[in-house]
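Structure first, then comments.
Only the coordinates and a few stated rules stand behind these numbers; no lab work does. Treat the numbers as computed from the prediction; the structure is a model and nothing was measured. Cβ placement follows ideal geometry from the backbone for every residue including glycine, while neighbour counts extend to all protein chains displayed.
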Amino acid sequence: MTRPDQQPANPDPSPDALSLQERASLTSGGDTWHTTAVPGVRALTLADGPHGIRRQAEGSGDALGLDVSVPATCFPPAVTLGSSWDAGLARRVGAALAREASALGADVVLGPGVNIKRSPLCGRNFEYFSEDPHLTGAMGAAVVTGIQSLGIGACVKHFAANNQETDRMRISADVDERTLREIYLAAFEHIVRTADPAMVMCSYNKINGVHASQNRWLLTEVLREEWGFGGAVVSDWGAVNDRVAALAAGLDLEMPPTGTDQEIVDAVRSGRLAEEDVTRAAGRVIALARRAGTAERFTGWDVDAHHELAREAARASAVLLKNDGDVLPLDPRAGQRVAVIGELARTPRYQGHGSSHVVPTRLDNAWDALTGGFGPAATLDFAAGYRLDGEPDAGLAQEAVAAAERADVALVFLGLPDQAESEGFDRAGIDLPDVQTGLLREIAGACGRVVVVLANGGVVSVAEWRDDVAAILEAWLPGQAGGAAIADLLLGACSPSGRLTETIPLRLRDVPSYLHFPGADGHVVYGEGRYVGYRHHDTLGTEVAYPFGHGLGYTRFEYSGLDARETAPNEWAVEVTVTNVGERAGDEVVQLYVAFDEEAPTRPRHELRGFAKVGLEPGEGTRVRFTLGGRDIARWSPARGEWAIDPGRFTVEVGASSRDIRARAELATPGDGHVAVLGRMSTLGEWLDHPVGGPVLKGLLRGAPGAAPSSPALRALARGVPLAKFTTFGIGLTAESIDRLIEAVREAEARG
Ligand code: BGC
């Protein structure tokens, strides 16, 4: 068992007590994984993240240590954990990560990664939770809370708009502010506001032309001044291009060091950099050390218990996409012949490649787990079927087809090999390797009951072959205990309960960012705006292979008794009863969407605003409760520079996926009371609709020639014209009368 061992508290000097040189050195690492020690402040150790601790042995000499780190539990990566839709589970995984980090001598875990899946092609999607910011924010906050429950710091990354790997160190993500706020910053904002992460890692890329590492708007105005972030901002490894500009913009810690401390000192001395910028950043690194000093220290962890937790997480996250004729679960006691096909059943792909790569403490594979899981009455055959390097191998394929012909059921393990997706490059397509789909066609011809088990970090297309098979279990990259978890699910030890956190499109070209990914000439334009994933598909009604939120289990749930009511101004309570009406225990993920039914959409058709995972025995029901606040129905107003709530009606929807809404209720909001400031260039319509300006203008125009056009078309046309333009169109308005009008409105507003 582990033994807590408190570290001595830091003497915690004030940054003012340190020389400028010492303060400068605090704002840059001591080496690849440590901050710099100065008198009274110890060096902190940072380790990847996000789904396991990648801690290289001290003195190993391998700067990046991608494949040679000290063994640690490889939990399911975010693509998988996110699919559990279980924040409690994510918290427990976070706490386990913290314990391992502590035991391995790390103070901060470099994770979670909370970038939005803008395109299924992003090579690093396996490290991210979802195409949806609400789900990403909730799961990310849970991981942060779990990690920090033991005093270890979490580092939320990569801030921000780092949604591709292509040219990631130079590309400018060109995104309008509303899209940034509503989609790409929202999860970071939620985590910063609710979970107090110790660190935020800025991304490599530029945002609208300015590198994240030296983006004052992002790092200071938004992150600190608006959201109240109190931790330290660290650069992604090598993301600093101009250290002076970065410090001035709000970056606190450059990693790894570039040996430019003297440059910082000189910049202060020459007046190019304010000394207080250096002092502030150094102060934040000292505060981080102080925070780390309060962490419980552990000397080890229960390797079996963490492996079990990894297995539980993998089980809770696999998504059963289809299950025709209830082919699953298989009865382990039945006398049947089972063909287990696919190299991935024996050589699992369980995590992605790059900086998140963990050396696991042990590794399960599905073949071993299945042979142990079936009883003596069953006969199991294994056939590799294909090579992982994608080279055709007719012998392997023939052997697999022969096994399928003999079998009552064929379990076919398919997926993406390591070289298909990784940090550092994007995918070119979303299809499985040809050798695998070709083999699957032959197996489907040879055996009537085919179950496909998928292993992949980024979404793969299923449209071409899904009708040929009875069931598909999307296991994602399931971590080191994935093999056992898959056997648990196939054999019915528990019911699948994962749900899609991203849409599976029919074709790559259906993806909303298709025409705008990955950009060219140093720019990627986020042309699809806020219409990412289901926000696009559900607004347009596009056919998809499987929608956001979809996932089956071995039982069924009914929804009843939806009640939605206002509890305070711009606050609502929503309740619904969910009942397990099937024969087995299972978990349902109840999803709450807010919908804006507009003829000409100005916002996505609906957006996820709540979810709850509930476990129910057969026949059992429970009341699920959500609360909604003003922010849940707000939009970002670039004109106002704040979140705006427009008065009007909206609908709450509860359901089992974005396309399986089971109950709806209408609600109304009075808005946020904002009254627009009228000016000369406000349109006639804006004037007429204005609570104060409308009556004043109508009073002035009463009886004026041409002021009340009789034709509806002319009235509609006139509403869109700025008032100032009427000085040339007649109806008796002059520049002076408009100024008098504006004055009259101001006076009326001042009188209240
Ligand atoms: C990755 C980060 C990682 C860092 C340190 C970078 O290349 O983008 O996610 O934490 O390296 O390994």
Using the Cα centre of the chain as origin and beta-carbon charges of +1 (Lys, Arg) and -1 (Asp, Glu), tell me which of Y514, N570, G621 is placed farthest towards the positive end of the dipole.
N570
If you plug each phi of region 109-120 into the Karplus form 6.51 cos²θ - 1.76 cosθ + 1.60 with θ = phi - 60°, what whole-Hz ³J(HN,Hα) values come out, in order, with x for Gly and Pro?
9, 7, x, x, x, 10, 6, 8, 7, 7, 9, x
Per residue Cα convex hull volume in Å³ - calculated over the chain
194 Å³
Residue span D689 to A520: 0.36 nm per residue of separation minus Cα-Cα distance leaves a gain in nm of 56.4 nm
Neighbours of A470 by Cβ distance under 14 Å: Lys/Arg at +1, Asp/Glu at -1, summed charge -2
Which lysines, on any chain, are close to K322 with Cα under 29 Å apart, when same-chain ones fewer than 8 places away are left out?
K117, K613
Suppose R0 equals 22 Å; then what is the FRET efficiency for E747 and K725 from their Cβ-Cβ distance, rounded to the nearest 0.05?
0.35
Once amide H atoms are built 1.01 Å from N in the peptide plane, which residues 5 or more positions from L562, or in another chain, come under 5 Å H to H?
T577
Give a residue-ordered list of calculated ³J(HN,Hα) values for region 628-633 (Karplus: 6.51 cos²θ - 1.76 cosθ + 1.60, θ = phi - 60°; whole Hz; x for Gly, Pro).
10, x, x, 4, 5, 10
Put in order of increasing Cβ neighbours within 10 Å, starting from the fewest, K206, K725, K157 give K725, K206, K157
On the formula 1/(1 + (r/R0)^6), with r taken between the Cβ atoms of E225 and R664 and R0 of 45 Å, the FRET efficiency rounded to 0.05 is 0.70
Please give the contour-minus-distance gain from D389 to R740: 0.36 nm per residue of separation, less the Cα-Cα distance, rounded to one decimal in nm.
118.6 nm
Taking R0 as 35 Å and r as the Cβ-Cβ distance between D368 and E620, the FRET efficiency 1/(1 + (r/R0)^6), rounded to the nearest 0.05, comes to 0.50
Starting with the fewest neighbours, write out D381, D364 ranked by other beta-carbon atoms found within 10 Å of each beta-carbon.
D381, D364
Do me a favour and compute the ellipsoid semi-axes for region 467-534 from its Cα gyration tensor, root of five times each eigenvalue, largest one first, whole Å.
35, 15, 11
Pull up the DSSP beta bridges for the chain and report the antiparallel fraction as a percent, rounded to 5.
60 percent
What is the distance in Å between the Cα centres of region 375-414 and region 190-235?
50 Å
Report, in debye and to the nearest 20, how large the dipole of the chain comes out about its Cα centre when Lys and Arg carry +1 and Asp and Glu carry -1 on their Cβ.
1520 debye
Kirkwood estimate for region 65-107, i.e. one over the average of 1/r between Cα atoms, Å:
11.6 Å
Where trypsin sites (Lys or Arg not before Pro) fall in DSSP loop in region 635-673, at most 16 other Cβ within 10 Å:
R640
Could you give the length gained on full extension between R649 and A305, defined as 0.36 nm per residue of separation minus the Cα-Cα distance, in nm?
118.9 nm
Counted neighbours (other Cβ, 10 Å), sorted fewest up, put M681, M201, M255, M169 in the order M681, M169, M255, M201
Region 473-493 versus region 702-724: alpha-carbon centroid distance in Å
67 Å
Classified through the alpha carbon gyration tensor (a ≥ b ≥ c as square roots of its eigenvalues; rounded if a/c is under 1.5, else prolate when a/b is larger than b/c, else oblate), region 523-616 comes out oblate
Mean residue ellipticity at 222 nm from the helices of the chain, using -39,500 (n - 2.57) per DSSP H segment of n ≥ 4 over the full residue count, to the nearest 500 deg cm²/dmol?
-8000 deg cm²/dmol
Could you run the Karplus curve 6.51 cos²θ - 1.76 cosθ + 1.60 with θ = phi - 60° over region 742-752 and give me ³J(HN,Hα) per residue in whole Hz, x for Gly and Pro?
4, 4, 4, 5, 4, 5, 4, 5, 5, 6, x
